[in-house]
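The values are calculated or read from the model by the stated rules, or taken from the named source; none is laboratory data. Since the model is a prediction, treat every value here as computed from it, not as a measurement. Note that we place each Cβ from the backbone using ideal geometry, even for glycine, and neighbour counts take in every protein chain shown.
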Amino acid sequence: MGYLIERTVRFLNKRGLQVNADKCMTIGMEKRYKGEKSKVVTKPIFKIKGSEIPLLGHLTNTTKYLGMKFISIGLISAISIKEHTLNTLNLQGY
């Protein structure tokens, strides 16, 4: 993926266009072994001209697309955040 990003940046630079890493986002998933859930990567992996490309977070570091906020697992909604919070509190005995 890093190679493809680098190649795309070179292609665009030759045409007078610049890529701003701060306006880019990546989603990182780490495959786990049999029986384990995949893990969302939390540290930036890729760079554009030395600047790290931010990662979408699980519940933080959102991006907006067509007026809707997204995180690494998809669309953020008030209902899903409420359910997640209540489930977490219930699991911890609150």
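Structure above, values below:
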read-out	value
Selection count where residues are in a loop (DSSP other than H, G, I, E, B) and in contact with an Asp or Glu (Cβ under 9 Å, 6 or more places away or on another chain), scope segment 1-42	2
Criterion violated by S80 - all others in (1) touching a Leu at 6+ places or on another chain (Cβ under 8 Å); (2) at pLDDT below 75; (3) hydroxyl-bearing (S, T, Y) satisfied	(1)
Check on I5, surrounded by 11 or more Cβ atoms within 10 Å (Cβ to Cβ), in contact with a Lys or Arg (Cβ under 9 Å, 6 or more places away or on another chain) and either modelled with pLDDT of 70 or more or not polar (S, T, N, Q) (or both)	yes
Top-ranked residue in segment 42-77 [being farther than 30 Å from R7 by Cα and either of a type in the set (V, I, T) or surrounded by 13 or more Cβ atoms within 10 Å (Cβ to Cβ) (or both); ranked as modelled with the lowest pLDDT]	L59
